[in-house]
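The structure appears below as structure tokens.
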């Protein structure tokens with residue numbers, strides 16, 4: 001049990017670390033969003049490929065092109081969003097968009113939600129709308145749109161990956177397939193490319209450590225949890241990102257962000273809560 005707690009904590013810290021690293025790179029260095037995306041995906045692909053090879057797995061058969069396209073769309077939207085959003089705001093928008101998109105897909109596919117689940121979905125959507133309402137504390141609409149798009153892409157990636165027998169090999173294959181998409185993006189904006197050493201190091205850390213190793217850790221502990229428990233655990237990610245943003249980046253916590261956080265995360269908690277027998 002202590003080992004499970006440690007590994008789970010490290011995985012959540014890694015996921016929150018993605019927001020902090022990306023925000024630090026795009027706020028404090030000269031690296032551009034497209035270059036950050038390319039370096040992150042390439043670094044993640046390399047580390048995951050080495051892990052799969054080390055355990056004598058087959059990299060070629062893992063993943064798919066549709067999943068890789070979703071992974072690229074998530075990574076690119078994530079990077080472009082953090083040119084404008086704080087770490088806390090970005091993590092909350094991403095997490096809320098992922099969960100709302102996945103629940104909406106389930107409803108569209110005919111899954112019936114319990115009254116509490118439906119209420120939770122509506123509350124979460126309401127919190128997201130409240131956060132985006134015009135006002136002094138509202139996040140920039142362009143950055144918010146990029147992050148919501150990233151969340152929808154990640155939801156698609158998650159849905160495509162359901163039932164995968166070897167998640168690590170599939171993730172490695174998807175990262176590898178996503179690299180050409182990222183390279184094409186970098187070529188498309190080559191005239192605005194800017195990469196410095198510190199920004200590149202942040203991107204490598206995001207790809208190799210908080211993405212690549214973070215996913216491996218999460219997939220290692222995931223079988224130990226029920227689906228609802230795993231979803232609840234992931235509620236900690238926006239909170240960790242917010243705390244990291246305050247401590248490491250000196251970002252303020254506005255009343256709007258606190259209210260939206262409580263509403264969105266509370267609504268999601270309602271949707272994943274199991275009824276008492």
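Here, each number is a calculation from the coordinates, and none is a lab measurement. What you see is a predicted model; the values in this text were computed from it and never measured. Cβ coordinates were reconstructed from backbone atoms using ideal geometry, including for glycine residues, and neighbour counts include every protein chain displayed.
Side notes on the structure shown:
- Burial ranking of peptide ranges 175-187, 37-49, 191-203, 19-31 (average Cβ count within 10 Å, highest at the top): 37-49, 19-31, 175-187, 191-203
- Here the spin labels are modelled as points 7 Å beyond Cα on the Cα-Cβ line, and at residue 226 and residue 10 they lie 2.8 nm apart.
- Residue order for 251, 142, 111, fewest other beta carbons within 10 angstrom first, comes to 111, 142, 251.
- Rounded if a/c under 1.5, otherwise prolate or oblate - the stretch 94-196, Cα gyration tensor axes: oblate
- Between residue 108 and residue 201, residue separation times 0.36 nm minus the direct Cα-Cα distance comes to 29.3 nm.
- Gyration tensor verdict on the stretch 1-92 (Cα atoms; rounded if a/c is under 1.5, prolate if a/b is larger than b/c, oblate otherwise): oblate
- Using a Förster distance of 22 Å, the FRET efficiency for residue 54-residue 248 (Cβ separation, nearest 0.05): 0.10
- Mean projection area, nm², convex hull over Cα of the stretch 148-241: 7.6
- Gyration tensor verdict on the stretch 193-277 (Cα atoms; rounded if a/c is under 1.5, prolate if a/b is larger than b/c, oblate otherwise): oblate
- Rg(Cα)/(2.2 N^0.38 Å) for the chain, N = residue count: 0.97
- For the chain, the mean residue ellipticity at 222 nm estimated from helices alone is -24500 deg cm²/dmol, where every DSSP H run of n ≥ 4 contributes -39500 (n - 2.57) and the total is divided by all residues, rounded to the nearest 500.
- Based on C-alpha pairs under 8 angstrom that are at least 6 apart in sequence, the stretch 2-272 has a relative contact order of 43 percent.
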